[in-house]
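One structure is given below, encoded as C-alpha cells.
None of the figures in this text is laboratory data; all of them are computed from the coordinates on show. Note that this is a predicted model, so its numbers are computed, not measured. A quick note on method: Cβ atoms are made from the backbone with ideal geometry, for glycine too, and the neighbour counts reach across all protein chains shown.
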Amino acid sequence: MKTLADLCKPRASVFDKARLDTVYNLDDLSSIHPDEFLSENYVTEGMRILLTEAFNRLEGKTASASGTFLLSQSMGGGKTHNLIALGLLAKYPKYRKQVMADFFKPGDLGAVTVVAFSGRKTSTPFGIWGEIAEQLNRKAVFNEFYSPLKPPDPNKWMELLQGEPALILLDELPPYFEAARAVAVGDTYLDRLTEIALANLLVAVNSNKLPRACVVITDLSGTAYAGGSASITQALQSLNDLEQEVNRNVIRIDPVKINTNEIYHILRTRIFEKTPPIADIEEVADAYGVAVDNAKKMGLSEVSPDQLKTDIRNAYPFHPAIRDLYARFKENRGFQQTRALIRIMRLIVSHLWSSGAAAKHGLIGPHEFDLQDASMLGEIRQINAGLEVAVARDIAAEGGSALAQQIDGIASTDAQDIAKLIFLSSLSTATNPVLGLSRSEILGDLAAPERDVVKLRGVFDRLQSDAWYLHVSRDGKLFFKNVENLKAKVATYARNKLREQREKELRDRLGDMFKVTTRAAYQKIQALPALDQVQLQPDAVTLIVFRPAEDSFRAIEEFYKNQPYKNRVCFLTGAAKAYDTVLERAAELSAVRTIIGEMDQEGVRESDPQYIEATEIQTKLEGRFYQACRETFTILYYPAKNGLVSVDLDPKYVANEYKGEDQVLAALKECYKYTTEIAADGNFRNRVESKLWLESAKEVAWSAIRQRAASDPSWVWHHPDALDNLKDELVKRDIWREMMGYITRGPFEKPATSVQIQVLSRDNETGQATLRIRPQNGDTVYIETRGAATVSSKKLEEYDLKTKALKLSFLCVDSKGAHATGEPLSWANSIFIKHRFYQEGTKRKCELKALPDGKIRFTTDGSGVETSGIPYAKPFDIPVDCRVILAVAEGEGVRSQAVNIPAPQGKVDPVATIDRARAAVWKRGFKKDSTGETYQFLEAAKKHGAELGGARLTIAKDARWIELNTPDDAFHAIGRFEHGADLLKEFIPEGVLSIDISSLKFDSGQQLLDMVADLKTELKEGEVRQ
C-alpha cells in the first residue's frame, strides 16, 4: 500500500503559517485575484444552486422567479466564500465556463455591476441604502433619503436598479443591525429604518419590474448577534407577507453541508495540489478494509469493512471518521465550521508531512492533530476551552508528562491516538450533546494496516484505569470531562492522607491478612507495633509484622535478646525501599473506602454506574495493595538454637484474598520449624521426653515442660494444644501419670485389683438400688453384706445387682495372679424418709417410713432430732400447736439426711364431724385398676359394712371387655359385687378386673370413720351426708 507521502502533494500554502487562515472579506471583492481564489474553490451543492439561480436571474431567464437568496449557516460555514465566488464570476465573465461548465451553460452576459456590502462596516452616514447607491454610481437618486435619514420606498429602489443587471451582495448584516440599534434617528433608531429599507428593496426586486436584479443576503444563525439576525428575519417577513399574494418565496441555501461528503471535496481542493487516481485510492481502501475485517473477526470492532472501503473512496485522503467526529461540535458557540475545519486540517497535514509521519500512514486520521502545537491548541480552545486540564493531565503535555505519553513511551502513539479520538468526541457544548465513543468504535477508527489493534486492548485498560478526566457513560461510551473521575478523586484523597493514617490503614489490612483462624502457626498477631509495647506470652506464639527499614533487623534482634520466651515470637518484615509503595497503596484503599462510604451516606444505589465503578476500582486497588505487600513483606525471622534465622516468604493471593496464616505456616514447615507429627504413637513423645524433660528426672511439673517449650528456641513449633493433648492421651494409656500438676513417666508397676461401682437406678418407693459392678485388673468379685468382703465371701455371679441392703462390701481378685489383690471396697446405700398425713376421727395423724430400712427418730416441737428425737414406732397424733416435724433415719451406720416436714395447720372442719350413731353416705369416688386392688377395696368396704353406689365393675383383656353398672342413687351390698366379679371372670378368666364407684353408704357414722382411718385418708368438707 502506498502512503500519503507517495500519493498526495499538499499546496505550498499549507506550510505557510502566515496563510493558515486566509479569510476573505466581501469588502475586498475588487482586490481578490480570481485565478488564485477560484483554483482553490470547490463547487458545493449549495454553491451550484446559488450560481445557477443567480445567473438565470441576471441573464433574464427566470424573471418571474425570486431574485432574493438567503445564505444561512453558522459562522465560518462558507457563506462569504459563496458570495465572493458569485461576485467574481459576475464581474469576470471569462471564468464562468471554467467554474460552471459541469452544471450551467453561461450566456453572453457581460460583466455585471456588483454591489458588495459587509455588515462589519458599521459606519454608514447615509445608511445602507446610501452605500448601495454609491457603489452603483447613482447616489443622487436617494438624495431625499439622506437628510434626514429615512428608508427608500420600493418605487425608489426600482428607479435605482432599473436598466442593466445588478447583483447586490449583503454579508454579515447582524453586526450592522446590532450597531444600528444604538443610533437614534429622530423618534426611532437606525436599525428599524434599515429593516424597512431592506424590506422595500426585497419587495422591489421581487416585483417583476426588476427582472435582472438579484440580492443575496447572508445570516449568522446561532451567533451572538441574535438581535441583528432578528432584524433580517423581520425584513424577510415583510417580503413574505407580500409574496403570499403572488406565491413567491425567498430561496434559502445552505452553502456547505458539513455532514456530507462535500466537506472532503472542499478540504481536498483547499489543501492539496495533487491527489492520486482512483486505482491508488482503491488500494488504500482495500488495505484498510482488511485491517478492519481482522479487527471485526477478533470481536474488537463492529465497523463494516465494505462500508469503510466505500467511505474511503469518497473521503480520501481523509479518514471517513473525520466528518462525523468534527460534526459533533459544529453547533458549539463560536465554532466557524468549514473555515475552522480547513484551518485544523491544514495544521494536521503540515504536521504529518513535516514530521515524516505521512510516509507511514495511508490516511489522515481524525486523531493526527498535535496538541503541543500552539496553533492547534488555539483552534481547540475556540471549539471548547474547558478541557485543557484533561489534555495536560491525560493526553499530551510538554516534556511527555501526560498519562497517554507515559503509556506510549518513545516507540508508540497508541495511547495518545485513543485519547485524542475520545477527546474529539467530547468537545460538543450543545444541549444534550452526543459525547464519547465505545471501545468498538475507537478500534474501528484506529484500525490500519500499520497498526496491531490487539495491543490496543491493554492500552485501553491502562488508560481507563489511570486517567483522571476520562469518564464512562451509562451505555459504555468513553469521554473526557472537565471534572476529575473517581480514580482522580481516589488519588486526591490518598494524597491527602497523613503517614499515620496510611500506617493505620496498613495495620488494619495486615491484621486482616494475617488474622488468626486455625491458631496452628501462631496465636497472636501484632501489625506494625512499637516493640517496647509488645508483651510475649508463654502459651502463645506472636507474629510481629515489623515496619521495614534499613535497621529493621538490628531493632528486631535487640528486642529478641531481652525476651524470656524466645520461642514465642516470629517477625515478618522486608525491603525498606518497597515500604513507601505499600503505604501509598494503603492510602488508595482508604481513599476509595471513604468515597464509597460517602456514596452510601448520600443514598447512592449499588446499581448506580458510579457506585459500580467505585467497587471495581476498590477491587483493582486491593489487587495492587496485595501485590505491593507481596513484594515488601518477604522475610520471616523465626527463633533457632543460635538466634533468629530468616526464611523467604512467598506470599500468594487468589481473587484478592490473602491467607497470611497459611503462608507463614507453609514457610515454617519448609524450614522444619513447625511439625504436624504430634500423635502419641509417633516421635513427638520422644522429643518431649528428651528435649523438655529434666535429665534423669522421672517426675516433673507440667508447667516446667510448657515453660521450657516457650523459652527454648530450638524447640519445634506445633499446634498450641499438642502438648496438652499428648499428656492427656499418655495419661489415659497409663504411659504417664498425673498428680497435683506433676507428670511421672513410666514404666510403672501393675496396679492392684479394684472394683468400680455404678448406681444405675434407685426405686424411691421401695429403696431398692440397681448396681453395676465392674472388676478392675481382675476377673472375680466377692460380695459381703456384713463386714469386709474376703475370698471366703459369696462370689458374685451377675454384675448387675438389685439390692435393698444398706451396706455392701466387694473384693476383686485376679485369678491369673498378674495383679495383686487390692483392698475391699465398701458401698453404702441411701436412706430416704417418706411421710403421709391422715385423719382418724377428729385427729390428724402422721405416718413415717424409712426406705429401704432404718430406725427413725423425730420431734414435733422444733427441737433437734439428735438430742431430743423420739424413736418412731407407729403413726402418731400431730399436736395442735405443731408447726414442723423433724425426722432422721439411721441403720448399719448409714444415716439419712434430716427432713423438715411442715405440719398441716388449722382445726378439723366441724362439718366433717360425724354423728357416730346415724347412717352416713360418703360422696367420694374411688377407682382401682387392677384385680388385686379391686378385691382389697371390696374387702375393706365389706369389713366396715359399706354398700357401694354408682359402681362400674369391668373385666377386660385385649379388645374384649364386659361391664356391670349400677345407678348413683342405688346402693348394693359388697356380696353382690363379689358375686358379680366371679361371674365376670367366668366369661374372661384371664382378664383384669377393675372397679370405679361414686359413693359409699354406712349404717353408722362410726363405720365411716373406721374405714377412713383404715384407708389412712382425711374427710373433706361436703363429702358426708347423714
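Here are some notes:
- Under 5 Å from the amide H of Ile870 lie the amide H atoms of Phe858, Thr859, each residue being 5 or more positions distant or on a separate chain, with H modelled from the backbone and absent for Pro and chain starts.
- Positive contributions from Lys and Arg (+1) and negative ones from Asp and Glu (-1), summed over other residues with Cβ under 11 Å from the Cβ of Ile870, come out at 0.
- Reduced Cα scattering model of the chain, Debye log10 I(q)/I(0), q = 0.07 Å⁻¹: -0.88
- Of all DSSP bridge pairs formed entirely within the chain, close to 80 percent run antiparallel.
- Proximal aspartates and glutamates relative to Lys795, as straight alpha-carbon distance under 15 Å, when same-chain residues fewer than 8 apart are discounted: Asp779, Glu784, Asp814
- Selection from Ala287, Ile258, Ile407, by position along the positive dipole direction of the chain (Cβ): Ile407
- For the stretch 316-445, averaging the sequence separation of C-alpha pairs within contact (under 8 Å, six or more residues apart) and dividing by the residue count gives a relative contact order of 29 percent.
- Cα-based helix-to-principal-axis angle, 278-297 vs the chain, degrees rounded to 10: 10
- Taking each of Lys843/Lys1020; Lys561/Lys727; Lys9/Lys420; Lys91/Lys156; Lys802/Lys834 in turn, the alpha-carbon distance tops 19 angstrom for Lys561/Lys727; Lys9/Lys420; Lys91/Lys156; Lys802/Lys834.
- Check: the stretch 832-902 dipole with +1 on Lys, Arg Cβ and -1 on Asp, Glu Cβ, in debye: 220
- Cross-link pairs Lys330/Lys620; Lys17/Lys477; Lys150/Lys209 - those with Cα-Cα distance over 32 Å: Lys330/Lys620; Lys17/Lys477
- Using C-alpha pairs below 8 Å separated by at least 6 residues, the relative contact order for the stretch 754-828 is 32 percent.
- Around the Cα centre of the chain, unit charges on the Cβ atoms of Lys, Arg, Asp and Glu (plus for the first two, minus for the last two) sum to a dipole of about 1640 debye.
- FRET efficiency for the Asn137 to Asp16 pair, using the beta carbon distance and R₀ = 41 Å, is estimated at 0.60.
- For the stretch 305-399, the spherically averaged projection of the C-alpha convex hull amounts to 7.1 nm².
- The angle separating the long axis of helix 931-943 from the principal Cα axis of greatest extent in the chain is about 50 degrees.
- In this structure, Lys732 and Lys855 have a Cβ-Cβ separation that, at R0 = 45 Å, corresponds to a calculated FRET efficiency of about 0.50.
- Inter-part distance where the stretch 531-607 and the stretch 714-790 are each reduced to a Cα centre, Å: 51
- Inter-label distance, nm, simple model (7 Å from Cα along the C-beta direction), Glu749/Glu550: 7.2
- Cβ-placed point charges (K, R +1; D, E -1), dipole of the stretch 754-828 about Cα centre in debye, nearest 20: 120
- Degrees, to the nearest 10: 609-632 long Cα axis against longest axis of the chain: 70
- A dipole drawn for the stretch 762-806 from +1 and -1 charges on Cβ atoms has a positive end, and of Ala769, Leu801, Ala788 the residue lying farthest that way is Ala788.
- Around the amide H of Ala903, modelled in the peptide plane, lie the amide H atoms of Val884, Ile885, all under 5 Å away and 5 or more residues distant in sequence or on another chain.
- Note, ³J(HN,Hα) from phi for the stretch 89-96, Karplus 6.51, -1.76, 1.60, rounded to Hz, x at Gly and Pro: 5, 5, 7, 10, x, 5, 9, 5
- Rounded to the nearest 500, the 222 nm mean residue ellipticity of the chain from helices alone is -11000 deg cm²/dmol, with -39,500 (n - 2.57) taken per DSSP H run of at least 4 residues.
- For the stretch 614-694, the spread of Cα coordinates along the three principal axes comes to 61, 29, 17 Å, biggest extent given first.
- Close amide H partners of Trp717, meaning residues 5 or more places away or on another chain with modelled amide H under 5 Å apart, are Tyr674, Thr675.
- In percent, rounded to a whole number, the relative contact order of the chain is 6, using alpha-carbon pairs under 8 Å and six or more apart.
- The slack in the chain from Asn642 to Ala374, taken as 0.36 nm per residue of separation less the alpha-carbon distance, amounts to 89.5 nm.
- Residues Gln1026 and Glu890, FRET efficiency given R0 of 60 Å [Cβ-Cβ distance, rounded to 0.05]: 0.80
- Simple label model, 7 Å out from Cα along Cβ direction - Arg883 to Ala385, nm: 10.7
- Full extension of the chain between Ser703 and Asp600 yields a length gain of 31.7 nm, computed as 0.36 nm times the residue separation minus the alpha carbon distance.
- Taken along the Cα-to-beta-carbon direction at a fixed 7 Å, the label points for Arg786 and Glu990 span 4.5 nm.
- Multiplying the residue separation of Tyr672 and Glu823 by 0.36 nm and subtracting their alpha-carbon distance yields 49.2 nm.
- Remark: for residue pairs Lys874/Lys943; Lys297/Lys489; Lys504/Lys652, the C-alpha separation exceeds 27 Å in Lys297/Lys489.
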